[in-house]
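Notes follow once the structure below has been shown.
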Amino acid sequence: MKLKLLASIVLINYGITYCQQQITGIVKGLNGPIVNASIYNLNDNSTTITDKDGQFSINATQGQRIRVSYVGKKNFTFKVTQFIRPLEIVLVDDEVYLDEVVLSKQKKRSSEKQKAREKKKIFGAFGKRRVSGIAPSDVLTQNEIRRFPPDIIALVQSMPGVRVLGNGGSARVVLRRPTSFGALRNAVIPVAWDIDGLVVRDIPTWIDVQLIEKLVLLKNLTQLNPYGTLGAGGVIIINTKNYVDPDSGLKAKITDKEKFDQPTVAFETVQTGSPKYISEYNKMTGNFERAYLEYENQRKTYGHLLDFYITSFDHFSKNFPDDFKPLAILNGIANTFPDNVEALRAMAYKLDEIGYFEASKDIYKNIATMAPTIQSVRDLAKAEARLNNLKLSENLYNGIIFKMHNIEQNATLKQLLKYERNLSALKLSNEDEAYTFVYEDQETNDIEILVEWNNQDAQFDLHFVNQDGYFHTWNHTISENAERINNEKVYGYSSERFFIDQLTDSWEINLSYKGNETLFPTYFKLTIRDSKSGEEKIKVYRLAAKNLSQKLAKINATGQLRFL
């Protein structure tokens, strides 16, 4: 019953009327709280200002947009969603250099030509393709769509070769031809829907037809082949005004002209200075029973600290691998911090690291029930998929993706969610087949890198350095990426994905930690996945040393991975 209740948290009823809610938070600059910052509801024109402590409160309805502004600072605008919790928004200086503005007519014409070319393409879960390769009768443009009632079923019924079976929630769209997919030959199978890269089975009655820019019907085997049996009945691709090009910022590309010259050290060599309780454990070398009794004794003194449990866990798993039961220590986190999302997420990270996926799923489920943010529900969806609970995983992903559909920000997050959800959907569709999924901007030998952190206040820089010293940097700091961090806190997520494509060089992944604004520790989870083999490896790091470039992992040209 809990799973059904949890799914209801995120699966959206698009017919409901949203009630007004109170949005609260604090507005800061780099030097502390900002007094008299303006908080403005762009939809109903209500406004307020921050008090002497930078605090504010304003009423808003889900879907409305709130602008936060202050003289001399960059504005920050966000859309109210069901995931909103008390906010901490940081405004940075608005630097304007008028003398550097250069207008170029040639560049403008080039940009316009590029836009015209893009209009002749469609975008789906398996890449871009030209509309010119598809029959005109199978394409509806924005002008044609406007002639129809705002109803997705009426829209597709206007297309030749399409019919609708059933009514209401049981309605299905099919093509007037039998399929020719192997064992499914001659079966009447509903079409699948590819909406801005999100592949779903059911008719998307939730979509706002006025947002559709292009609708394209795919019929022949060449067009449908990438979808496997998921597209056996045909596919309808829908591109909306809110589509985000996945080429924007998803890959770790070498963009810096200079070589990486920061001194770096292996992560493990930095973590010096063992706590006193580790020294006590070391006195019991070779005697698990005595060491565990000492752990119970030290818990009386240090049991209020998250680090105590994780550091003790690492010690016992290294020194007593045959006798040690991981949950004996890690369960202490759940007992000590039952309502602390950051602590529970760190616990789940460690369980993932050692392959205890059933146990970590239970933790992710507790977090999602207690605090249903985008990140927590996404963590649960990924955990369910890892355990082959694919239909539940698909439903969870659908819930958060549909909820985010009209949110303009978080382009990379949307692509991450769609990518993971489509992996789950394809696995569900091809359970008995050997099937390799290739993302639209991903080579088959790419390395996928997913980074996650338990503390939303964590600030750091990631460096991807190749064997020649050239590098790509991703900044996760207030000074360099304030809008991104504000969005994370507004919408509730703490993860990012990268690709290293065409793996012909060796690569290092380095991190420079800048700290966080809380006293709670930061745990950083690094997941590296070989997209060709599907092999996945996980490592969890406790970030402590600041402003020092630390080597986390090294990947050689053949794809071999070594955590440092």
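Pairs meeting the criteria (first residue in region 318-345 and closer than 19 Å to Lys361 by Cβ and among the charged types (D, E, K, R), second residue open to solvent by 20 Å² or more (accessible area, probe 1.4 Å) and in a loop (DSSP other than H, G, I, E, B), beta carbons under 6 Å, at least 6 apart or on different chains) are Glu342/Phe520. Restricting to region 215-267, and then to whatever is of a type in the set (Val, Ile, Thr) and assigned to a loop (DSSP other than H, G, I, E, B), can you tell me which residue is modelled with the highest pLDDT? So, considering only residues that are of a type in the set (Val, Ile, Thr) and assigned to a loop (DSSP other than H, G, I, E, B), the one modelled with the highest pLDDT is Val244. Does Ala125 qualify as being modelled with pLDDT under 80 and open to solvent by less than 20 Å² (accessible area, probe 1.4 Å)? Criteria met by Ala125. Looking at (1) over 19 Å from Asp379 (Cβ atoms); (2) assigned to a loop (DSSP other than H, G, I, E, B); (3) open to solvent by less than 40 Å² (accessible area, probe 1.4 Å), find the lone condition where Ile485 falls short. Of (1) over 19 Å from Asp379 (Cβ atoms); (2) assigned to a loop (DSSP other than H, G, I, E, B); (3) open to solvent by less than 40 Å² (accessible area, probe 1.4 Å), only one is false for Ile485: (2).
Looking only at region 531-547, which residues are open to solvent by 60 Å² or more (accessible area, probe 1.4 Å) and either modelled with pLDDT under 85 or within 30 Å of Ile26 (Cβ to Cβ) (or both)?
Quick first cut of region 531-547, residues open to solvent by 60 Å² or more (accessible area, probe 1.4 Å) only: 532-533, 535-537, 542, 546-547.
Passing the criteria: Lys532, Ser533, Glu535, Arg542, Lys546, Asn547.
Considering only residues that are in a helix (DSSP H, G or I) and open to solvent by 20 Å² or more (accessible area, probe 1.4 Å), which ones fall in region 316-342? Write out each step before concluding.
Filtering region 316-342 for residues in a helix (DSSP H, G or I) gives 316-319, 326-336, 341-342.
If the condition is that a residue be in a helix (DSSP H, G or I) and open to solvent by 20 Å² or more (accessible area, probe 1.4 Å), then Ser317, Lys318, Asn319, Leu327, Ala328, Asn331, Ala334, Asn335, Thr336, Val341, Glu342 are the ones that fit.
Taking Glu280 as the residue in question, decide whether it is in a helix (DSSP H, G or I) and open to solvent by 50 Å² or more (accessible area, probe 1.4 Å). Working first, answer last.
Working: in a helix (DSSP H, G or I): yes; open to solvent by 50 Å² or more (accessible area, probe 1.4 Å): no.
No.
Restricting attention to region 295-310, the residues being surrounded by fewer than 20 Cβ atoms within 10 Å (Cβ to Cβ) and out of contact with any Phe, Trp or Tyr (no Cβ under 6 Å at 6 or more places or on another chain) number 9.
Could you please find all residues in region 345-365 being out of contact with any Leu (no Cβ under 7 Å at 6 or more places or on another chain) and open to solvent by 10 Å² or more (accessible area, probe 1.4 Å)? Walk me through it before giving the result.
Start the filter on region 345-365 by keeping residues that are out of contact with any Leu (no Cβ under 7 Å at 6 or more places or on another chain), which leaves 345, 348-349, 352-356, 362.
Arg345, Glu353, Ile354, Gly355, Tyr356, Asp362, listed by residue number.
Tell me, yes or no, whether region 487-503 has at least one residue that is within 24 Å of Asp261 (Cβ to Cβ) and free of Cβ contacts under 8 Å to residues at least 12 places away in the same chain. No, because not a single residue in region 487-503 is within 24 Å of Asp261 (Cβ to Cβ) and free of Cβ contacts under 8 Å to residues at least 12 places away in the same chain. Of everything in region 366-382, what is open to solvent by 40 Å² or more (accessible area, probe 1.4 Å) and over 15 Å from the mean Cα position of the chain (by Cα)? Give them in sequence order. Scanning region 366-382 gives Asn366, Thr369, Met370.
Give region 449-481 a look and list any residue that's open to solvent by 10 Å² or more (accessible area, probe 1.4 Å) and of a type in the set (Asp, Glu), or say none. Correct list: Asp457, Asp461, Asp468, Glu480.
Counting only residues that are hydrophobic (A, V, I, L, M, F, W, C) and at pLDDT 75 or above, which one in region 128-147 is surrounded by the most Cβ atoms within 10 Å (Cβ to Cβ)? Once the filter is applied, the top-ranked residue is Leu140.
For Ile528, are the conditions met, namely being in contact (Cβ under 8 Å) with a residue 40 or more places away in the chain and buried (at least 21 other Cβ atoms within 10 Å of the Cβ)? Break it down stepwise before answering.
Numbers: in contact (Cβ under 8 Å) with a residue 40 or more places away in the chain: yes; buried (at least 21 other Cβ atoms within 10 Å of the Cβ): yes.
When the stated conditions are applied, Ile528 passes them.
Here Ala557 passes the criteria (1) farther than 25 Å from Asn475 by Cβ; (2) surrounded by fewer than 19 Cβ atoms within 10 Å (Cβ to Cβ); (3) under 21 Å from the mean Cα position of the chain (by Cα) except the one numbered (3).
Any chance you could count how many residues in region 488-511 are over 14 Å from Trp453 (Cβ atoms) and either outside any helix (DSSP H, G or I) or open to solvent by 10 Å² or more (accessible area, probe 1.4 Å) (or both)?
Taking region 488-511 as the starting set, the residues that turn out to be over 14 Å from Trp453 (Cβ atoms) are 490-491, 498-510.
Those left that are additionally either outside any helix (DSSP H, G or I) or open to solvent by 10 Å² or more (accessible area, probe 1.4 Å) (or both): 498-510.
The total comes to 13.
The values are calculated or read from the model by the stated rules, or taken from the named source; none is laboratory data. These figures come from a predicted structure and were not determined experimentally. Note that each Cβ is placed from the backbone with ideal geometry, even for glycine, and that neighbours are counted across all protein chains shown. Remember, those area values only see protein heavy atoms, side chains included, never the ligands or the DNA or RNA. Shrake-Rupley method; radii C 1.70, N 1.55, O 1.52, S 1.80 Å.
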